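Engineer: Would you mind keeping the following structure in view while I ask a few things?
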Amino acid sequence: MAEIHVESVRKTFGKVKAVWDVDLTVHDREFVVLLGPSGCGKTTLLRCIAGLEQVDQGRVFIGQRDVTDLPPRRRQIAMVFQNYAVFPHLTVFENVAFGLRMQHRPKDEIKKRVQSAAELLHIENLLDRYPSQLSGGQRQRVAVARAIAVDSLVLLMDEPLSNLDALLRLEMRAELKRLLREIEATTLYVTHDQVEALSLGDRIAVMRDGQILQYDTPLNVYDKPADLFIGGFIGNPPMNFLDGEVRTEDGRLIVRTGGGEIYPPPEASAVLSRLKEPSVLVGIRAENIETLSAPAEDALQATVLVVEPLGSHNLITMQLGPEQIKVNTDADFQAQPGQTIWLRLNTDKIRWIDKASGRALDYDVSPQS
Amino acid sequence: MKRKTSYSRLVVRGLVYLVAVLIALWILIPIYLITIAAFSPKDVIYSWPKSLFPQTISLETLKFFVSAQYVLPSLRNSVVVALLTLVISLVIGAPAGYALARYIFRGKDIFRIMILSTRAFPIVILSIPLAVTFMKWGLYDNLISVAILHVAMALPTTILVTSSVFVGVSKELEEAATVFGCSRVQAFTRVALPLALPGLAASAIFTFVLSWNEVFAATILTLQNRTLPARLFIQLAASPLPFRFAGGFFILIPAITFMFFIRRYLFSLWGITLK
Ligand SMILES: Nc1ncnc2c1ncn2[C@@H]1O[C@H](COP(=O)(O)OP(=O)(O)OP(=O)(O)O)[C@@H](O)[C@H]1O
Ligand SMILES: [Mg+2]
């Protein structure tokens, strides 16, 4: 296994900047997820690494070796394609054996490796079938088995679970995680499903418009989104963003928002005090808001609009001053529409976001390696 | 309301079947009549009224036909020309079709139109200058020259049909092959080609039948080495009735068996079943 290193890679299609100056390093044995909305360039970046797309500019390294000008077969990669791409004219066995046959491995070795890859993916009883005789989930496994059967340096996966139904996807997700831990592969995994990204990745690279906006651990991407877009894209419900006005009263920095006042913690105050404009966006996740039934000094008054019981918790939409806000509460929390409630924001968890640029104030440059 | 729709659907269905049956009969009845005549003895062929069901089956007429001195050689000529045409037009046409399907290149649309426009030249007009040219090249009265002309006639459809066949073979499959160790050429021969085979076979059938049935060019470009249709075209008008039926039968049968053979063989691959 080896590391993947991408250096200021560009790929355009006509006027479309599919990938624009992307730098990315995936460490040896690391599992990195490329996450982003449809059309942001995830597949294109993966194809550039695989050599299926010629880069306009920049270099690609796999395991310290510059592979930019090598064809796919010389890059020692394995790939799982978005639509499986299992060969319909070959049996499952021959599909899984394809890469090994191309390497002219001895017969008994091929047999052994196919067998063990098939066992890992629980398709050992399907080896004689043709892909047309398989279900979508089984075909999926064949595609993964084909990829892990060869000795590749890195494993590239393009939305391998996207065509499965919700239940199967959940099951395969857990299986993949176990599997990849077992084979210790360096993996770059593309998805536009944030839950998949959060649950699978060692790190997540969030892409938009051909660029990587943030590259960090799932927890940090979720808790400390680098900007407005990421906060809104990741998490269900998305992060709440409230208009805030920064001012100083009696030598103390406060932020007026949601018809009330909140008191930023000291580190945040330091950053906020350096703002040129006194306005800021207050980003807060639904689970970082506490509901109180009586007024308190640091609580904001809100009115319940909608209560959505979700089993494990309730999702409540409230009117807070001129804005709406979503709040998670315990499942046994009782509320009626129209009822008045007080909200206390956990100020340690607030993301302070520059209104003009949309970037988080404490977020300088995203760490790239 | 529901009754009415199911009733009208039934009517539409019935009409569709009726038309299908009529078309089938229109083709099958002459084939049938030719076939029974070919297997009837001479006196039955000349007798009138005709019976729709053969009373006596005999090989007399066919034997008479085959024993005519030119028939077997020209039958052989026909097979040679048809196979040559098939092979050459696939060898040239399939790569061209592949290029049209897979690559974007300058002048692609014009290329496509030009391929089609070659069909706009009537073979009648092409044949005479071609005959002169082939004479100069020393290819006159040679089966190769007939095959070349047949290739020219078949190539446009071969290219367009194979291109749509290759469009139907997902590009991702070839890309997967290159990722797992194939060069571009290997990806083509190991993945795209086998998957395209049924479509290529259909195109081959078409080419074979086109060459097998072509009369005009074959007549103009040859003297001694005539293909069967060209020979019969000249000869039949002057032949007795049993001979004509046997000739018709001979023209018909190889084309039909060839079609059935290839169709069955290829469709049964990869579990596509004929219903
Ligand atoms: N072969 C191509 N020709 C022209 N434009 C292309 C081509 N491939 C991709 N693009 C464009 O490049 C951009 C990025 O596409 P890409 O397939 O990488 O997106 P993606 O992030 O994988 O999206 P999805 O989640 O829908 O798969 C899109 O705007 C797309 O239209
Ligand atoms: Mg994609």
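The values are calculated or read from the model by the stated rules, or taken from the named source; none is laboratory data. Computed from a predicted model, the values in this text were never measured in an experiment. Every residue, glycine among them, receives a Cβ derived from its backbone with ideal geometry; neighbour counts consider all protein chains shown. With ligands, DNA and RNA removed, areas are computed over all heavy atoms of the protein, side chains included. Shrake-Rupley method; radii C 1.70, N 1.55, O 1.52, S 1.80 Å.
Engineer: Please go through the range A:201-243 and pick out each residue that is out of contact with any Phe, Trp or Tyr (no Cβ under 6 Å at 6 or more places or on another chain), more than 16 Å from ligand 1 (Cβ to nearest atom) and among the aliphatic types (A, V, I, L, M).
Structural biologist: A:Leu219, A:Val221, A:Leu228, A:Met239, A:Leu242
Engineer: Just checking, does the range A:198-214 include any residue being within 16 Å of ligand 2 (Cβ to nearest atom) and within 14 Å of chain B (Cβ to nearest Cβ)?
Structural biologist: no
Engineer: Give the residue that is surrounded by the fewest Cβ atoms within 10 Å (Cβ to Cβ), with candidates limited to residues of the range A:141-165 that are under 24 Å from B:Cys182 (Cβ atoms) and within 16 Å of ligand 2 (Cβ to nearest atom).
Structural biologist: A:Glu159
Engineer: Six or more apart or on different chains, Cβ under 8 Å: which pairs go from a residue in the range B:145-165 that's in contact (Cβ under 8 Å) with a residue 40 or more places away in the chain and open to solvent by less than 10 Å² (accessible area, probe 1.4 Å) to one that's among the acidic types (Asp, Glu) and not in a helix (DSSP H, G or I)? Could you list them?
Structural biologist: B:His150/B:Glu214
Engineer: Does the range A:57-76 contain at least one residue that is more than 22 Å from A:Phe98 (Cβ to Cβ) and within 13 Å of ligand 2 (Cβ to nearest atom)?
Structural biologist: Initial filter on the range A:57-76 (more than 22 Å from A:Phe98 (Cβ to Cβ)): A:57-61, A:63-66, A:68-69.
If we keep only those that are within 13 Å of ligand 2 (Cβ to nearest atom) as well, we get none.
No, because not a single residue in the range A:57-76 is more than 22 Å from A:Phe98 (Cβ to Cβ) and within 13 Å of ligand 2 (Cβ to nearest atom).
Engineer: For the range B:65-82, which residues satisfy the criterion of being in a helix (DSSP H, G or I) and open to solvent by 80 Å² or more (accessible area, probe 1.4 Å)? Before you say what the answer is, go through the steps one by one.
Structural biologist: The initial filter retains those residues of the range B:65-82 that are in a helix (DSSP H, G or I), namely B:65-67, B:71-82.
Within the range B:65-82, B:Ser67, B:Leu72, B:Arg76 meet the criteria.
Engineer: Could you check the range A:294-369 for strands (runs of 3 or more DSSP E) lying wholly inside it with 1 or more residues that are open to solvent by 80 Å² or more (accessible area, probe 1.4 Å) and of a type outside the set (Lys, Arg)?
Structural biologist: In the range A:294-369, the matching strands (runs of 3 or more DSSP E) lie at A:300-309, A:323-330.
Engineer: While we're here: Just give me the residues in the range A:169-194 being touching a residue at least 12 places away in the same chain (Cβ under 8 Å), surrounded by fewer than 16 Cβ atoms within 10 Å (Cβ to Cβ) and of a type outside the set (D, E, K, R), in sequence order.
Structural biologist: A:Ile183
Engineer: Next question. Does the range B:241-255 contain any residue that is on the phi > 0 side of the Ramachandran plot and either within 14 Å of chain A (Cβ to nearest Cβ) or of a type in the set (D, E, K, R) (or both)? Working first, answer last.
Structural biologist: At the first step, the residues of the range B:241-255 found to be on the phi > 0 side of the Ramachandran plot are none.
No.
Engineer: From the list B:Ile128, B:Ile115, B:Ile88, which residue is aliphatic (A, V, I, L, M), more than 30 Å from B:Leu28 (Cβ to Cβ), assigned by TED's automatic domain parsing to the domain that holds B:Ile220 and loosely packed, with under 14 Cβ neighbours inside 10 Å?
Structural biologist: Of the residues listed, the single one that is aliphatic (A, V, I, L, M), more than 30 Å from B:Leu28 (Cβ to Cβ), assigned by TED's automatic domain parsing to the domain that holds B:Ile220 and loosely packed, with under 14 Cβ neighbours inside 10 Å is B:Ile128.
Engineer: Every residue in the range A:47-56 that is under 20 Å from B:Arg184 (Cβ atoms) and either more than 11 Å from every other protein chain (Cβ to nearest Cβ) or within 16 Å of ligand 2 (Cβ to nearest atom) (or both), please.
Structural biologist: Result: A:Arg47, A:Cys48, A:Ile49, A:Ala50, A:Leu52, A:Glu53, A:Gln54, A:Val55.
Engineer: Return the residues of the range A:19-43 that are within 12 Å of ligand 1 (Cβ to nearest atom), closer than 19 Å to A:Gln214 by Cβ and of a type outside the set (Phe, Trp, Tyr); say none if nothing qualifies.
Structural biologist: A:Val19, A:Val22, A:Leu34, A:Leu35, A:Gly36, A:Pro37, A:Ser38, A:Gly39, A:Cys40, A:Gly41, A:Lys42
Engineer: Now for a different question. In the range A:179-192, which residue that is in contact with a strand residue (DSSP E or B) (Cβ under 8 Å, 6 or more places away or on another chain) and of a type outside the set (Val, Ile, Thr) is nearest to ligand 2 (Cβ to nearest atom)?
Structural biologist: If we take residues in the range A:179-192 being in contact with a strand residue (DSSP E or B) (Cβ under 8 Å, 6 or more places away or on another chain) and of a type outside the set (Val, Ile, Thr), then A:His192 is nearest to ligand 2 (Cβ to nearest atom).
Engineer: Within the range A:99-140, track down each residue that is small (Gly, Ala, Ser), surrounded by 19 or more Cβ atoms within 10 Å (Cβ to Cβ) and within 14 Å of another protein chain (Cβ to nearest Cβ).
Structural biologist: Within the range A:99-140, A:Gly99, A:Ala117 qualify.
Engineer: Please indicate, with yes or no, whether at least one residue in the range A:19-40 is within 16 Å of ligand 2 (Cβ to nearest atom) and within 14 Å of chain B (Cβ to nearest Cβ).
Structural biologist: no
Engineer: Right, next: Looking only at the range B:166-177, filter to residues that are within 14 Å of chain A (Cβ to nearest Cβ) and surrounded by 20 or more Cβ atoms within 10 Å (Cβ to Cβ); which one of those is modelled with the lowest pLDDT? Quick ask: steps written out before the conclusion?
Structural biologist: Residues of the range B:166-177 that are within 14 Å of chain A (Cβ to nearest Cβ), as a first pass: B:168-177.
Subsequent filtering for residues that are surrounded by 20 or more Cβ atoms within 10 Å (Cβ to Cβ) retains B:169, B:173-177.
Details: B:Val169: 89, B:Leu173: 95, B:Glu174: 95, B:Glu175: 95, B:Ala176: 96, B:Ala177: 96.
By that ranking, first place goes to B:Val169.
Engineer: Could you grab me the full set of residues in the range A:75-96 that are open to solvent by 50 Å² or more (accessible area, probe 1.4 Å) and either facing chain B (nearest Cβ under 7 Å) or modelled with pLDDT of 95 or more (or both)?
Structural biologist: A:Asn83, A:Pro88, A:Glu94, listed by residue number.
Engineer: Check whether at least one residue in the range B:233-240 is hydroxyl-bearing (Ser, Thr, Tyr), surrounded by fewer than 21 Cβ atoms within 10 Å (Cβ to Cβ) and more than 14 Å from chain A (Cβ to nearest Cβ), and report yes or no. Walk me through it before giving the result.
Structural biologist: Step one: of the range B:233-240, the residues hydroxyl-bearing (Ser, Thr, Tyr) are B:239.
Still in the running and surrounded by fewer than 21 Cβ atoms within 10 Å (Cβ to Cβ): B:239.
Right, trim to more than 14 Å from chain A (Cβ to nearest Cβ) and you get B:239.
Yes: the range B:233-240 contains one or more residues that are hydroxyl-bearing (Ser, Thr, Tyr), surrounded by fewer than 21 Cβ atoms within 10 Å (Cβ to Cβ) and more than 14 Å from chain A (Cβ to nearest Cβ).
Engineer: Please go through the range A:145-196 and give me each residue that is within 16 Å of ligand 1 (Cβ to nearest atom), within 14 Å of chain B (Cβ to nearest Cβ) and touching a Leu at 6+ places or on another chain (Cβ under 6 Å), ordered by number.
Structural biologist: If the condition is that a residue be within 16 Å of ligand 1 (Cβ to nearest atom), within 14 Å of chain B (Cβ to nearest Cβ) and touching a Leu at 6+ places or on another chain (Cβ under 6 Å), then A:Leu156, A:Asp158, A:Leu188 are the ones that fit.
Engineer: Of all residues being crowded, with 16+ Cβ neighbours inside 10 Å and in a loop (DSSP other than H, G, I, E, B) in the range A:44-62, which is farthest from ligand 1 (Cβ to nearest atom)? Just the residue, please.
Structural biologist: A:Gly51
Engineer: Select, from A:Gln115, A:Gln76, the only residue that is at negative phi and more than 16 Å from ligand 1 (Cβ to nearest atom).
Structural biologist: On the way: A:Gln76 fails: at negative phi.
The match here is A:Gln115.
Engineer: Has the range A:245-268 got any residue that is among the charged types (D, E, K, R), open to solvent by 10 Å² or more (accessible area, probe 1.4 Å), assigned to a loop (DSSP other than H, G, I, E, B) and more than 30 Å from A:Gln82 (Cβ to Cβ)?
Structural biologist: yes
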